[in-house]
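Take this structure first; my questions come after.
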2 protein chains.
Amino acid sequence: MILTPKAICFDAYGTLFDVHSVGQLAESLFPGKGKALSQLWRDKQVEYTRLRSMSGRYKPFWEITVDALNYCGAALGLDLGAAQRDALMAQYARLSAFPENLQALQRLQASGLPLAIHTNGNPEMIAQAVESAGMSGMFSTVLSADRVRRYKVDASVYQLAPDFFNCQASELLFVSSNGWDVCGATWFGFKTFWVNRSGAPAECLDVLPSYIGSSLDDVVSLVCK
Amino acid sequence: MILTPKAICFDAYGTLFDVHSVGQLAESLFPGKGKALSQLWRDKQVEYTRLRSMSGRYKPFWEITVDALNYCGAALGLDLGAAQRDALMAQYARLSAFPENLQALQRLQASGLPLAIHTNGNPEMIAQAVESAGMSGMFSTVLSADRVRRYKVDASVYQLAPDFFNCQASELLFVSSNGWDVCGATWFGFKTFWVNRSGAPAECLDVLPSYIGSSLDDVVSLVCK
């Protein structure tokens, strides 16, 4: 065992849950524009969390995701009616796990480490995603930004984990595939693991993750014998 | 006179200063990638202001702009050496004004209204940009995020204006071409004017600017006889 954290906290979207199927549906609904839609949708979703968090204008993540989709419809000139919107949001509600995730999580769970989801998502949508992805019973808790009505990278969101596990942030391992999330978490004081699935460049924010890998299997290698 | 604010506060980049020339240089340095570079550069620059502001990790806007450019070089696979970086940053330092801006500002100034720059930019780079764009002497003050070491849309940045002009936010007119900036300013309590030069869709943030136009001429029409 290389690292023995008191618990492991996982970001949800893009880290545990694969949003790729949303892009596929987007392409089938709007041929030739699926990639642009899924990219802009994600960017706007994240942007709106930050703007609302900075301004004290909290709104649950599910509703922000709808708002971001509506913006994309207008920005990309899509014929985005209620049927298409409902279909895309329904797909967002039932994402699959990345192929290696279930087995990796089982191995981590078997090692005795408490596992948590630590997410911008509101509890209702996370509960549905966990069930959809076949991850029921794998996590000790869901630490949702909804509890503090701020979003990552606000410190109050990251603080949920040391509060819950009653320890220092540096005793916890925080895992995310989002470079910016890993930077925020490192600034906050966690040990961090960047699951850089796509080989993206590191953010230029004067901070580096504690560890970098390409899938959850690399997290298993880090913490399991 | 339709509206009589106590002063008018202008966002700088994209509102007063035209960043188009940066895109042109980017295209000449990296043929076929100039548009992608200038778009991603701007997006990253703004993203880094928010991440740093939310995390209490302030760094001046000029340095963030360099960081964002370095990220773009890696993300887009550009051969971005010191020469190219220096050339792009030098261009950023000497932007021109949008064509209608100088005359519009002169008319607003002649009407007796105090004009201010209200910006994420640090004072040194704004001073250089004002001179470059031929706007010396037009503004009563530069209200820079640098003073509070946070970035828009943090309320402490917007608060600089009512503090300086010793009045309520609702007595001031805030002008920006950035939809998100106008939303943040409206949330804060300013009267707001969105200079929507590109005909972009409104942000889906449950808030609308007080006024919308397509150039600074429309601001003149709003406040001058």
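Tell me the angle of helix A:61-75 to the major Cα principal axis of chain A, expressed in degrees between 0 and 90 and rounded to the nearest ten.
The two axes meet at around 40 degrees.
If you don't mind, another one. Largest first and to the nearest Å, give the Cα extent of the stretch B:19-93 along each principal axis.
37, 22, 22
In percent, what relative contact order does chain B have, based on Cα pairs under 8 Å that are 6 or more apart in sequence?
With pairs under 8 Å counted, the relative contact order is 26 percent.
Just the number, please: percent antiparallel of the DSSP beta bridges in chain A, rounded to the nearest 5.
Bridges in chain A that DSSP calls antiparallel: roughly 10 percent.
Please compute the contact order of the stretch B:19-93 in relative form: average sequence separation of alpha-carbon pairs under 8 Å and at least six residues apart, divided by the residue count, as a percent. Please report the intermediate quantities before stating the final value.
On the way: 55 pairs, mean separation 25.0, N = 75.
About 33 percent, as a whole number.
Sticking with this structure for a sec: Over the stretch A:129-225, what is the mean sequence separation of C-alpha contacts under 8 Å (at least six apart), divided by residue count, expressed as relative contact order in percent?
Reported as a whole number, the value is 18 percent.
What are the nm distances, shortest first, from B:ASN70 to its equivalents in the other copies, labels at 7 Å along Cα→Cβ?
4.0
Further, regarding this structure: Rg to Rh for the stretch A:87-157: what is it, with Cα atoms only and Rh by Kirkwood?
Details: Rg = 13.1 Å, Rh = 13.2 Å.
When Rh is taken as the Kirkwood radius, the ratio is 1.00.
While we're here: Sort A:GLU47, A:GLU27 so the one with the fewest other Cβ atoms within 10 Å of its own Cβ comes first.
Starting with the residue having the fewest Cβ neighbours, the order is A:GLU27, A:GLU47.
For B:LYS59, A:LYS44, what's the fewest-to-most ordering of other Cβ within 10 Å of each Cβ?
B:LYS59, A:LYS44
First measure r as the distance between the Cβ atoms of B:GLU63 and A:GLU131, then evaluate 1/(1 + (r/R0)^6) with R0 = 51 Å and state the FRET efficiency to the nearest 0.05. Let's see the in-between values first.
Working: r = 45 Å, r/R0 = 0.89.
So, using R0 = 51 Å, E works out to roughly 0.65.
For chain B, place one equal point scatterer on every Cα, skip the solvent, and apply the Debye formula. What is log10 of I(q)/I(0) at q = 0.07, 0.08, 0.11 Å⁻¹?
So the normalised log intensities are -0.21, -0.28, -0.53.
Please arrange A:THR141, B:THR186, B:THR119 by counting, for each residue, the other beta carbons lying within 10 Å of its beta carbon, fewest first.
Ranking A:THR141, B:THR186, B:THR119 by Cβ neighbours within 10 Å, fewest first, gives A:THR141, B:THR186, B:THR119.
Follow-up. Counting partner chain Cβ atoms within 10 Å of every residue's Cβ in A:48-59, what's the average?
Average neighbour count from other chains, rounded to a whole number: 6.
Give, to the nearest whole percent, the P(r) tail of the stretch B:4-60 beyond 14 angstrom, counting all Cα pairs. Don't jump to the answer; show the numbers that get you there.
On the way: 1074 of 1596 pairs.
Result: 67 percent of Cα pairs exceed 14 Å.
Near the axis that takes chain A to chain B, which A residue has its beta carbon closest, and at how many Å?
A:ARG50, 2
Note the distances from A:GLN24 to each other copy's matching label point, with points 7 Å along the Cα-to-beta-carbon direction, in nm, sorted shortest first.
The answer, with the shortest distance listed first, is 4.7 nm.
Could you work out how far helix B:123-132 tilts from the main Cα principal axis of chain B, as a 0 to 90 degree angle to the nearest 10?
90 degrees
Tell me, how many Å apart are the Cα centres for the stretch B:58-115 and for the stretch B:1-30?
Centre-to-centre (Cα) distance: 9 Å.
Same structure again: What FRET efficiency would be calculated for the residue pair A:ASP86, B:ALA83, taking the C-beta separation as r and a Förster radius of 41 Å, to the nearest 0.05?
Using R0 = 41 Å, I get an efficiency of 0.20.
If you add up the charges near A:GLU27, with Lys and Arg at +1 and Asp and Glu at -1, over every other residue whose beta carbon is less than 11 angstrom from its beta carbon, what do you get?
+2
Right, next: Once Rh for the protein assembly as shown is found with the Kirkwood sum over Cα pairs, what is the Stokes-Einstein diffusion coefficient at 37 °C and 0.692 mPa s, in µm²/s?
141 µm²/s
For the pair A:ASN166 and B:SER156, how long in nm is the line joining their label points, each one 7 Å along Cα→Cβ?
Distance between label points: 3.4 nm.
Hey, got the average number of other protein chain Cβ atoms within 10 angstrom for residues in B:204-210?
That works out to 4 on average.
Which entries in the list A:LYS44/A:LYS191; A:LYS6/B:LYS59; B:LYS6/B:LYS44; A:LYS33/B:LYS44; A:LYS35/B:LYS44; A:LYS59/B:LYS33 go over 25 Å, if you measure between the two C-alpha atoms of each? All intermediate terms of the calculation are to be shown ahead of the outcome.
Working: A:LYS44/A:LYS191 28 Å; A:LYS6/B:LYS59 33 Å; B:LYS6/B:LYS44 34 Å; A:LYS33/B:LYS44 23 Å; A:LYS35/B:LYS44 20 Å; A:LYS59/B:LYS33 37 Å.
From A:LYS44/A:LYS191; A:LYS6/B:LYS59; B:LYS6/B:LYS44; A:LYS33/B:LYS44; A:LYS35/B:LYS44; A:LYS59/B:LYS33, over 25 Å: A:LYS44/A:LYS191; A:LYS6/B:LYS59; B:LYS6/B:LYS44; A:LYS59/B:LYS33.
Here, each number is a calculation from the coordinates, and none is a lab measurement. Here the structure is a predicted model, which is why all the values come from computation and not from measurement. In this analysis, Cβ positions are derived from the backbone assuming ideal geometry, glycine residues included, and neighbour counts consider all displayed protein chains.
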